[in-house]
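Worksheet: the structure to be examined is printed underneath.
The values are calculated or read from the model by the stated rules, or taken from the named source; none is laboratory data. Treat the numbers as computed from the prediction; the structure is a model and nothing was measured. Because the Cβ atoms are built from the backbone with ideal geometry, glycine has one as well, and the counts that use them run over all protein chains shown. Please note that ligands, DNA and RNA were not included when accessible areas were found on the heavy atoms of the full protein model with its side chains. Shrake-Rupley method; radii C 1.70, N 1.55, O 1.52, S 1.80 Å.
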Amino acid sequence: MISVKEAKSIINQKIFRLGSEIVQLNNSTQRLLSEDIIAKFPSPHFNNSAMDGFAVRSLDTIGASKENPVTLKNIGISSAGIPSNLVLNKGECIQCMTGAKIPSGSDAVVIVEDTTGFSDNPNVKIMIEALPESHIRKKGEEIKKGDILINKGTRMKPSEIGICATFGYGELKVSKKPKIAIFGTGNELVEPGKNIKEGEIYNSNLYVFSDLVKKIGGSVLMKDVLKDDKEHLESFLSEAMESCDLVISSGGVSMGRFDYVRDVFLDLGVEEHFWKVAQKPGKPLFFGTGDKTLIFGLPGNPVSSYIGFMVWVWPVLNEMMGGNRIKSFKAELTEPFPLEKIKYRYLFGKAWVEDGKVRCKPSKKSGSHMLTSSLNANCILGAEPSGRQLNSGDLIDINLLPWETMK
Ligand code: AMP
Ligand code: MG
(Lines give C-alpha, C1' and ligand atoms only; values in the text may rest on other atoms or scores of the structure.)
(Ligands and ions follow the chains in the order given, each with its own letter.)
Protein backbone atom coordinates (compact mmCIF):
# COMPACT_ATOMS: atom_id res chain seq x y z
CA MET A 1 0.00 0.00 0.00
CA ILE A 2 1.39 3.41 -0.97
CA SER A 3 0.47 6.91 0.20
CA VAL A 4 -1.82 9.28 -1.69
CA LYS A 5 1.18 11.53 -2.31
CA GLU A 6 3.27 8.72 -3.79
CA ALA A 7 0.35 7.55 -5.93
CA LYS A 8 -0.18 11.07 -7.32
CA SER A 9 3.48 11.45 -8.18
CA ILE A 10 3.49 8.08 -10.03
CA ILE A 11 0.40 9.05 -12.02
CA ASN A 12 1.78 12.50 -12.86
CA GLN A 13 4.78 10.87 -14.53
CA LYS A 14 2.53 8.82 -16.80
CA ILE A 15 0.10 11.50 -17.99
CA PHE A 16 0.42 12.25 -21.70
CA ARG A 17 -1.12 15.15 -23.61
CA LEU A 18 -3.52 14.38 -26.41
CA GLY A 19 -2.87 16.07 -29.74
CA SER A 20 -4.88 18.98 -31.13
CA GLU A 21 -7.40 19.23 -33.92
CA ILE A 22 -9.25 22.00 -35.72
CA VAL A 23 -12.99 22.21 -35.02
CA GLN A 24 -15.74 24.53 -36.16
CA LEU A 25 -16.58 27.18 -33.55
CA ASN A 26 -20.04 25.62 -33.25
CA ASN A 27 -18.53 22.30 -32.22
CA SER A 28 -16.06 23.69 -29.71
CA THR A 29 -18.30 23.54 -26.60
CA GLN A 30 -16.40 22.18 -23.59
CA ARG A 31 -13.17 21.71 -25.56
CA LEU A 32 -9.88 23.10 -24.22
CA LEU A 33 -8.06 25.64 -26.37
CA SER A 34 -4.69 24.55 -27.76
CA GLU A 35 -3.64 28.13 -28.47
CA ASP A 36 -4.16 31.63 -27.15
CA ILE A 37 -6.98 33.56 -28.82
CA ILE A 38 -5.62 36.92 -29.94
CA ALA A 39 -7.61 40.01 -30.93
CA LYS A 40 -7.06 40.32 -34.70
CA PHE A 41 -8.46 43.86 -34.55
CA PRO A 42 -9.39 46.39 -31.85
CA SER A 43 -12.86 46.39 -30.35
CA PRO A 44 -14.88 48.35 -31.19
CA HIS A 45 -13.41 47.92 -34.63
CA PHE A 46 -14.32 51.53 -35.61
CA ASN A 47 -15.89 54.56 -33.91
CA ASN A 48 -19.64 53.89 -33.94
CA SER A 49 -22.85 55.16 -32.46
CA ALA A 50 -24.22 53.73 -29.20
CA MET A 51 -27.71 55.13 -29.93
CA ASP A 52 -30.06 56.00 -32.76
CA GLY A 53 -29.67 59.74 -33.35
CA PHE A 54 -27.73 62.39 -35.21
CA ALA A 55 -23.96 62.64 -35.60
CA VAL A 56 -23.03 66.28 -34.93
CA ARG A 57 -20.09 68.56 -34.18
CA SER A 58 -20.42 69.20 -30.44
CA LEU A 59 -19.30 72.82 -30.98
CA ASP A 60 -22.42 73.43 -33.11
CA THR A 61 -24.71 72.47 -30.22
CA ILE A 62 -23.36 74.79 -27.53
CA GLY A 63 -26.25 76.45 -25.72
CA ALA A 64 -28.91 74.23 -27.36
CA SER A 65 -31.99 73.44 -25.24
CA LYS A 66 -35.70 72.68 -25.66
CA GLU A 67 -36.49 76.36 -25.43
CA ASN A 68 -33.53 77.37 -27.55
CA PRO A 69 -32.89 74.64 -30.14
CA VAL A 70 -30.06 74.81 -32.66
CA THR A 71 -31.00 74.01 -36.25
CA LEU A 72 -28.59 71.82 -38.23
CA LYS A 73 -28.74 70.68 -41.84
CA ASN A 74 -29.20 66.94 -42.28
CA ILE A 75 -26.89 65.82 -45.13
CA GLY A 76 -27.29 62.04 -45.08
CA ILE A 77 -27.62 58.74 -43.25
CA SER A 78 -25.09 56.38 -41.69
CA SER A 79 -26.63 53.04 -40.72
CA ALA A 80 -25.23 49.77 -39.35
CA GLY A 81 -23.47 48.04 -42.23
CA ILE A 82 -23.89 51.01 -44.61
CA PRO A 83 -21.48 53.73 -43.46
CA SER A 84 -21.67 57.26 -44.84
CA ASN A 85 -18.53 58.62 -46.46
CA LEU A 86 -19.74 62.21 -46.14
CA VAL A 87 -17.66 64.65 -44.11
CA LEU A 88 -19.53 66.76 -41.60
CA ASN A 89 -18.93 70.52 -41.85
CA LYS A 90 -20.04 73.37 -39.58
CA GLY A 91 -23.81 73.48 -39.13
CA GLU A 92 -24.41 69.99 -40.52
CA CYS A 93 -25.59 66.68 -39.06
CA ILE A 94 -26.06 63.10 -40.29
CA GLN A 95 -28.67 60.58 -39.20
CA CYS A 96 -26.64 57.91 -37.41
CA MET A 97 -28.06 54.61 -36.17
CA THR A 98 -26.86 52.30 -33.40
CA GLY A 99 -23.72 50.46 -34.56
CA ALA A 100 -23.24 52.78 -37.56
CA LYS A 101 -19.84 54.34 -38.32
CA ILE A 102 -19.43 57.89 -36.98
CA PRO A 103 -18.92 60.12 -40.05
CA SER A 104 -15.68 62.12 -40.29
CA GLY A 105 -15.97 65.58 -38.82
CA SER A 106 -18.44 64.48 -36.14
CA ASP A 107 -17.42 64.14 -32.49
CA ALA A 108 -20.77 63.41 -30.77
CA VAL A 109 -24.18 61.84 -31.22
CA VAL A 110 -27.44 63.44 -30.10
CA ILE A 111 -30.14 60.84 -29.44
CA VAL A 112 -33.19 61.13 -31.69
CA GLU A 113 -35.42 61.83 -28.67
CA ASP A 114 -33.56 65.15 -28.18
CA THR A 115 -34.24 66.29 -31.75
CA THR A 116 -37.23 66.92 -34.01
CA GLY A 117 -36.70 63.35 -35.29
CA PHE A 118 -35.85 61.44 -38.44
CA SER A 119 -37.69 62.84 -41.47
CA ASP A 120 -37.03 64.08 -44.98
CA ASN A 121 -36.96 67.65 -43.67
CA PRO A 122 -33.34 68.80 -44.09
CA ASN A 123 -33.64 71.09 -41.07
CA VAL A 124 -33.23 69.28 -37.79
CA LYS A 125 -33.67 70.99 -34.45
CA ILE A 126 -31.24 69.85 -31.75
CA MET A 127 -32.63 70.43 -28.26
CA ILE A 128 -29.66 69.52 -26.09
CA GLU A 129 -26.02 70.46 -25.82
CA ALA A 130 -23.91 67.46 -26.92
CA LEU A 131 -20.75 66.87 -24.94
CA PRO A 132 -17.75 65.78 -27.05
CA GLU A 133 -17.69 61.97 -27.49
CA SER A 134 -21.21 61.50 -26.12
CA HIS A 135 -22.90 58.28 -27.31
CA ILE A 136 -19.82 57.28 -29.28
CA ARG A 137 -18.28 53.84 -28.82
CA LYS A 138 -14.61 54.58 -29.36
CA LYS A 139 -12.42 52.35 -31.52
CA GLY A 140 -10.30 50.11 -29.25
CA GLU A 141 -11.91 51.25 -25.97
CA GLU A 142 -12.64 47.64 -24.98
CA ILE A 143 -9.78 45.67 -26.54
CA LYS A 144 -6.57 46.62 -28.37
CA LYS A 145 -5.40 44.76 -31.46
CA GLY A 146 -3.03 41.94 -30.35
CA ASP A 147 -4.47 41.61 -26.83
CA ILE A 148 -4.74 38.02 -25.55
CA LEU A 149 -8.48 37.45 -25.23
CA ILE A 150 -8.50 33.86 -23.94
CA ASN A 151 -5.57 31.82 -22.72
CA LYS A 152 -4.52 28.44 -24.10
CA GLY A 153 -5.94 25.64 -21.93
CA THR A 154 -9.22 27.48 -21.24
CA ARG A 155 -12.41 25.46 -21.53
CA MET A 156 -14.86 26.73 -24.16
CA LYS A 157 -18.04 27.99 -22.50
CA PRO A 158 -20.70 30.43 -23.73
CA SER A 159 -18.57 33.54 -23.03
CA GLU A 160 -15.51 32.08 -24.75
CA ILE A 161 -17.59 31.01 -27.76
CA GLY A 162 -19.12 34.49 -27.95
CA ILE A 163 -15.70 36.17 -27.82
CA CYS A 164 -14.29 33.92 -30.55
CA ALA A 165 -17.28 34.74 -32.75
CA THR A 166 -16.91 38.48 -31.98
CA PHE A 167 -13.33 38.39 -33.20
CA GLY A 168 -14.07 36.39 -36.31
CA TYR A 169 -12.74 32.96 -35.37
CA GLY A 170 -14.80 30.42 -37.37
CA GLU A 171 -12.51 27.53 -36.44
CA LEU A 172 -10.45 26.81 -33.36
CA LYS A 173 -7.48 24.63 -32.50
CA VAL A 174 -8.55 22.55 -29.53
CA SER A 175 -7.33 19.49 -27.70
CA LYS A 176 -8.60 16.15 -29.00
CA LYS A 177 -11.31 14.48 -26.95
CA PRO A 178 -9.99 11.62 -24.84
CA LYS A 179 -11.38 8.25 -25.98
CA ILE A 180 -12.58 6.40 -22.92
CA ALA A 181 -13.75 2.89 -22.07
CA ILE A 182 -15.77 2.45 -18.89
CA PHE A 183 -16.95 -0.80 -17.47
CA GLY A 184 -18.50 -2.14 -14.32
CA THR A 185 -18.22 -5.65 -12.98
CA GLY A 186 -20.54 -7.67 -10.83
CA ASN A 187 -23.02 -10.55 -11.22
CA GLU A 188 -25.35 -8.58 -8.95
CA LEU A 189 -25.68 -5.56 -11.25
CA VAL A 190 -28.97 -4.77 -13.00
CA GLU A 191 -29.70 -1.79 -15.24
CA PRO A 192 -32.05 0.88 -13.85
CA GLY A 193 -35.54 0.49 -15.30
CA LYS A 194 -35.42 -3.31 -15.10
CA ASN A 195 -36.90 -5.49 -12.36
CA ILE A 196 -34.61 -6.47 -9.56
CA LYS A 197 -34.45 -9.75 -7.61
CA GLU A 198 -33.24 -10.32 -4.09
CA GLY A 199 -29.48 -9.97 -3.86
CA GLU A 200 -29.24 -7.79 -6.92
CA ILE A 201 -28.56 -4.04 -7.02
CA TYR A 202 -28.82 -1.42 -9.69
CA ASN A 203 -25.70 -0.35 -11.52
CA SER A 204 -25.22 3.30 -10.60
CA ASN A 205 -21.48 3.74 -11.08
CA LEU A 206 -21.45 3.67 -14.86
CA TYR A 207 -24.17 6.31 -14.93
CA VAL A 208 -22.02 8.54 -12.73
CA PHE A 209 -18.94 7.83 -14.86
CA SER A 210 -20.81 8.57 -18.10
CA ASP A 211 -22.01 11.90 -16.79
CA LEU A 212 -18.55 12.81 -15.51
CA VAL A 213 -16.96 11.96 -18.87
CA LYS A 214 -19.55 14.12 -20.58
CA LYS A 215 -18.89 16.96 -18.14
CA ILE A 216 -15.15 16.97 -18.74
CA GLY A 217 -15.63 16.71 -22.49
CA GLY A 218 -14.42 13.16 -23.19
CA SER A 219 -15.95 10.53 -25.49
CA VAL A 220 -17.18 7.23 -24.10
CA LEU A 221 -16.16 4.83 -26.88
CA MET A 222 -16.95 1.63 -25.00
CA LYS A 223 -19.24 0.99 -22.05
CA ASP A 224 -20.47 -2.26 -20.55
CA VAL A 225 -21.48 -4.03 -17.38
CA LEU A 226 -19.61 -7.35 -17.24
CA LYS A 227 -20.16 -10.52 -15.28
CA ASP A 228 -17.53 -11.55 -12.76
CA ASP A 229 -15.73 -13.89 -15.15
CA LYS A 230 -12.36 -13.61 -16.81
CA GLU A 231 -13.55 -14.31 -20.33
CA HIS A 232 -15.93 -11.38 -20.50
CA LEU A 233 -13.38 -9.10 -18.89
CA GLU A 234 -10.62 -10.16 -21.27
CA SER A 235 -12.56 -9.59 -24.45
CA PHE A 236 -13.80 -6.15 -23.36
CA LEU A 237 -10.41 -5.05 -22.09
CA SER A 238 -8.29 -6.19 -25.00
CA GLU A 239 -10.48 -4.16 -27.37
CA ALA A 240 -10.52 -1.16 -25.00
CA MET A 241 -6.73 -1.13 -24.78
CA GLU A 242 -6.49 -1.10 -28.57
CA SER A 243 -8.88 1.76 -29.15
CA CYS A 244 -8.94 3.99 -26.06
CA ASP A 245 -6.69 6.52 -24.32
CA LEU A 246 -8.11 5.68 -20.91
CA VAL A 247 -9.85 2.68 -19.36
CA ILE A 248 -11.82 3.10 -16.15
CA SER A 249 -13.35 0.16 -14.34
CA SER A 250 -15.54 -0.04 -11.30
CA GLY A 251 -15.57 -2.98 -8.95
CA GLY A 252 -13.90 -6.37 -8.97
CA VAL A 253 -10.47 -5.03 -8.04
CA SER A 254 -10.49 -5.85 -4.36
CA MET A 255 -9.74 -9.02 -2.36
CA GLY A 256 -13.00 -10.86 -3.12
CA ARG A 257 -12.95 -14.39 -4.55
CA PHE A 258 -14.51 -13.16 -7.77
CA ASP A 259 -12.49 -9.97 -8.12
CA TYR A 260 -10.75 -10.74 -11.40
CA VAL A 261 -10.15 -7.28 -12.78
CA ARG A 262 -6.54 -6.92 -11.67
CA ASP A 263 -5.69 -10.49 -12.77
CA VAL A 264 -7.08 -9.79 -16.21
CA PHE A 265 -5.23 -6.45 -16.47
CA LEU A 266 -2.01 -8.30 -15.68
CA ASP A 267 -2.81 -11.24 -18.01
CA LEU A 268 -3.26 -8.76 -20.85
CA GLY A 269 0.16 -7.26 -20.22
CA VAL A 270 -0.85 -4.10 -18.37
CA GLU A 271 2.11 -2.72 -16.44
CA GLU A 272 0.99 -2.27 -12.84
CA HIS A 273 2.25 0.92 -11.17
CA PHE A 274 0.32 0.46 -7.97
CA TRP A 275 -2.59 -1.39 -6.44
CA LYS A 276 -3.88 -0.20 -3.08
CA VAL A 277 -3.51 3.33 -1.80
CA ALA A 278 -3.73 4.40 1.84
CA GLN A 279 -7.04 6.19 1.41
CA LYS A 280 -10.59 5.88 2.58
CA PRO A 281 -12.78 5.28 0.71
CA GLY A 282 -11.23 3.37 -2.18
CA LYS A 283 -8.15 1.57 -0.88
CA PRO A 284 -7.96 -1.09 -3.62
CA LEU A 285 -7.20 1.43 -6.37
CA PHE A 286 -5.33 0.02 -9.38
CA PHE A 287 -3.26 2.12 -11.76
CA GLY A 288 -1.45 0.69 -14.76
CA THR A 289 -0.47 1.45 -18.34
CA GLY A 290 -0.80 -0.37 -21.63
CA ASP A 291 1.12 0.55 -24.79
CA LYS A 292 -0.93 3.73 -25.29
CA THR A 293 -3.57 3.56 -22.58
CA LEU A 294 -3.83 4.63 -18.95
CA ILE A 295 -5.83 2.21 -16.83
CA PHE A 296 -7.65 2.93 -13.60
CA GLY A 297 -9.35 0.17 -11.62
CA LEU A 298 -11.66 1.83 -9.10
CA PRO A 299 -13.40 -0.14 -6.37
CA GLY A 300 -17.13 -0.70 -6.79
CA ASN A 301 -18.63 0.93 -3.74
CA PRO A 302 -20.47 3.91 -5.19
CA VAL A 303 -18.79 6.59 -3.05
CA SER A 304 -15.35 5.04 -3.63
CA SER A 305 -16.03 5.01 -7.35
CA TYR A 306 -17.31 8.59 -7.54
CA ILE A 307 -14.67 10.11 -5.25
CA GLY A 308 -12.04 7.92 -6.94
CA PHE A 309 -13.01 9.30 -10.33
CA MET A 310 -12.88 12.90 -9.10
CA VAL A 311 -9.64 12.56 -7.15
CA TRP A 312 -7.69 10.31 -9.53
CA VAL A 313 -9.23 10.27 -12.98
CA TRP A 314 -10.65 13.78 -13.49
CA PRO A 315 -7.29 15.57 -12.99
CA VAL A 316 -5.63 13.16 -15.43
CA LEU A 317 -8.28 13.73 -18.10
CA ASN A 318 -8.02 17.47 -17.53
CA GLU A 319 -4.26 17.43 -18.11
CA MET A 320 -4.49 15.05 -21.07
CA MET A 321 -6.77 17.66 -22.66
CA GLY A 322 -4.28 20.46 -22.07
CA GLY A 323 -5.65 21.79 -18.78
CA ASN A 324 -3.50 22.96 -15.90
CA ARG A 325 -2.86 20.96 -12.76
CA ILE A 326 -5.83 21.21 -10.40
CA LYS A 327 -4.95 22.58 -6.97
CA SER A 328 -6.90 22.14 -3.77
CA PHE A 329 -7.40 25.01 -1.36
CA LYS A 330 -8.00 25.42 2.35
CA ALA A 331 -11.31 25.93 4.07
CA GLU A 332 -12.27 26.25 7.72
CA LEU A 333 -14.29 23.40 9.18
CA THR A 334 -17.49 24.26 11.03
CA GLU A 335 -17.88 20.67 12.27
CA PRO A 336 -15.42 17.94 13.29
CA PHE A 337 -13.88 15.82 10.51
CA PRO A 338 -13.15 12.15 11.27
CA LEU A 339 -9.44 11.52 10.55
CA GLU A 340 -7.96 8.08 9.89
CA LYS A 341 -4.78 6.82 11.60
CA ILE A 342 -3.02 5.59 8.46
CA LYS A 343 -5.29 6.47 5.58
CA TYR A 344 -5.97 9.74 3.79
CA ARG A 345 -9.66 10.48 4.36
CA TYR A 346 -11.99 11.85 1.69
CA LEU A 347 -15.61 12.86 2.25
CA PHE A 348 -18.16 14.72 0.19
CA GLY A 349 -19.06 18.04 1.77
CA LYS A 350 -20.37 21.53 1.44
CA ALA A 351 -18.31 24.72 1.17
CA TRP A 352 -19.52 28.28 1.32
CA VAL A 353 -18.21 31.80 1.90
CA GLU A 354 -19.08 33.45 5.18
CA ASP A 355 -17.56 36.59 6.72
CA GLY A 356 -14.93 36.61 3.96
CA LYS A 357 -13.77 33.07 4.80
CA VAL A 358 -14.32 29.78 2.99
CA ARG A 359 -16.05 27.46 5.42
CA CYS A 360 -16.96 23.82 4.95
CA LYS A 361 -18.45 20.76 6.57
CA PRO A 362 -18.37 17.08 5.68
CA SER A 363 -21.43 15.05 4.82
CA LYS A 364 -22.84 13.29 7.89
CA LYS A 365 -23.09 10.02 5.98
CA SER A 366 -19.64 8.52 5.83
CA GLY A 367 -20.16 4.96 4.51
CA SER A 368 -18.62 4.18 1.11
CA HIS A 369 -21.93 2.58 0.07
CA MET A 370 -23.93 5.75 0.90
CA LEU A 371 -24.17 7.61 -2.39
CA THR A 372 -26.74 10.01 -0.94
CA SER A 373 -23.74 11.62 0.82
CA SER A 374 -22.98 13.21 -2.57
CA LEU A 375 -26.42 14.83 -2.89
CA ASN A 376 -26.16 18.59 -2.25
CA ALA A 377 -22.38 18.30 -1.90
CA ASN A 378 -20.34 20.83 -3.82
CA CYS A 379 -16.87 19.66 -2.85
CA ILE A 380 -14.67 16.83 -1.66
CA LEU A 381 -12.86 17.34 1.64
CA GLY A 382 -9.55 15.55 2.15
CA ALA A 383 -7.19 15.16 5.09
CA GLU A 384 -3.87 13.43 5.79
CA PRO A 385 -3.88 10.62 8.34
CA SER A 386 -3.27 11.62 11.93
CA GLY A 387 -3.71 10.38 15.46
CA ARG A 388 -5.89 13.33 16.34
CA GLN A 389 -9.26 14.68 15.27
CA LEU A 390 -9.88 17.76 13.13
CA ASN A 391 -12.27 20.08 14.90
CA SER A 392 -14.45 23.04 14.09
CA GLY A 393 -12.14 25.97 13.26
CA ASP A 394 -9.35 23.76 11.85
CA LEU A 395 -8.33 24.12 8.21
CA ILE A 396 -8.83 21.28 5.73
CA ASP A 397 -8.09 20.79 2.00
CA ILE A 398 -11.05 20.96 -0.31
CA ASN A 399 -11.64 20.56 -4.03
CA LEU A 400 -14.80 22.06 -5.45
CA LEU A 401 -16.63 19.73 -7.80
CA PRO A 402 -15.73 21.55 -11.04
CA TRP A 403 -19.34 22.14 -12.12
CA GLU A 404 -20.39 23.45 -8.68
CA THR A 405 -20.04 26.83 -7.02
CA MET A 406 -19.77 27.75 -3.35
CA LYS A 407 -23.18 27.56 -1.77
P1 AMP B 1 -16.55 -4.68 -5.48
O2 AMP B 1 -15.57 -3.56 -5.59
O3 AMP B 1 -16.80 -5.37 -6.79
O4 AMP B 1 -16.20 -5.61 -4.38
O5 AMP B 1 -17.91 -4.00 -5.10
C6 AMP B 1 -18.08 -3.31 -3.86
C7 AMP B 1 -19.52 -2.93 -3.66
O8 AMP B 1 -19.92 -2.03 -4.66
C9 AMP B 1 -20.49 -4.07 -3.72
O10 AMP B 1 -21.47 -3.88 -2.74
C11 AMP B 1 -21.06 -3.99 -5.11
O12 AMP B 1 -22.34 -4.58 -5.23
C13 AMP B 1 -21.08 -2.49 -5.32
N14 AMP B 1 -20.98 -2.16 -6.74
C15 AMP B 1 -20.10 -2.68 -7.62
N16 AMP B 1 -20.29 -2.17 -8.85
C17 AMP B 1 -21.32 -1.29 -8.74
C18 AMP B 1 -21.99 -0.45 -9.69
N19 AMP B 1 -21.64 -0.43 -10.96
N20 AMP B 1 -22.98 0.30 -9.23
C21 AMP B 1 -23.36 0.29 -7.91
N22 AMP B 1 -22.76 -0.50 -6.99
C23 AMP B 1 -21.75 -1.28 -7.39
MG1 MG C 1 -17.85 -7.07 -7.32
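Per-atom-type breakdown for the chain gives carbon and sulfur 50% of the accessible area (1.4 Å probe, protein chains only). Calculated FRET efficiency, I111 to S328, Cβ-Cβ distance, R0 = 56 Å: about 0.60 to the nearest 0.05. For the chain, the solvent-accessible area works out to 50 Å² per residue, with a probe of 1.4 Å and every protein chain left in place. Distance distribution P(r), the range 1-159, all Cα-Cα pairs, bin width 5 angstrom from 0: 2, 9, 14, 14, 11, 8, 7, 7, 7, 5, 5, 3, 3, 3, 2, 2, 1, 0 percent.
Remark: accessible surface ordering of D114, D267 (largest first) is D267, D114, probe radius 1.4 Å.
Within the full protein context, the accessible area of Y169 is estimated at about 40 Å² for a probe radius of 1.4 Å.
With 10 Å bins from zero, work out the P(r) of the range 1-68 over every alpha carbon pair and list the percent per bin. For the range 1-68, the binned pair fractions read 11, 19, 17, 15, 12, 11, 7, 6, 1 percent.
For D267 and I342, the difference between the fully extended length at 0.36 nm per residue and the C-alpha to C-alpha distance is 23.9 nm. Using a simple spin-label model with pseudo-atoms 7 Å out from Cα toward Cβ, W352 and Q13 lie 4.4 nm apart.
If the segment from E239 to A50 were pulled out straight at 0.36 nm per residue, it would be longer than the present Cα-Cα gap by 62.1 nm.
Here M255 sits with roughly 140 square angstrom of accessible surface, probe radius 1.4 Å.
For the range 280-407, the spherically averaged projection of the C-alpha convex hull amounts to 8.4 nm². Cα centroid distance between the range 266-330 and the range 188-245, in Å? If you average the Cα positions of each part, the centres end up 16 Å apart.
Its DSSP H runs of at least 4 residues, each contributing -39,500 (n - 2.57), put the calculated 222 nm mean residue ellipticity of the chain at -5000 deg cm²/dmol, to the nearest 500. Sorting Y207, Y344 by accessible area puts them as Y207, Y344; the probe is 1.4 Å, largest comes first, and only protein heavy atoms count. Under Stokes-Einstein, with the Kirkwood radius over Cα pairs as Rh, the value for the range 192-337 at 25 °C and 0.890 mPa s is 150 µm²/s. Remark: the range 162-275 is approximated by an ellipsoid whose semi-axes, taken from the C-alpha gyration tensor as √(5λ), come to 33, 20, 10 Å, largest first. Binning all Cα-Cα separations of the range 225-279 at 10 Å, short to long from zero, yields these whole-percent fractions: 21, 59, 19, 1.
Here the scattering of the range 365-404 is modelled by Debye summation over its C-alpha atoms, one equal scatterer each and no solvent; at q = 0.18, 0.22, 0.34, 0.35 Å⁻¹ the log10 of I(q)/I(0) is -0.67, -0.93, -1.12, -1.13. Relative to the globular-protein estimate of 2.2 N^0.38 Å, the Cα radius of gyration of the chain stands at 1.44. Over the Cα atoms of the range 97-228, each weighted equally, I'd like the Debye log10 I(q)/I(0) at q = 0.19 Å⁻¹, rounded to two decimals. Debye intensities relative to I(0), on a log10 scale: -1.11. Taking every protein chain into account, the 1.4 Å probe leaves S392 with about 70 Å² of accessible area, to the nearest ten.
3J(HN,Hα) couplings calculated from phi for the range 119-129 with the Karplus curve 6.51 cos²θ - 1.76 cosθ + 1.60 (θ = phi - 60°) are, in sequence order, 7, 7, 5, x, 9, 10, 8, 9, 10, 8, 7 Hz; Gly and Pro show x.
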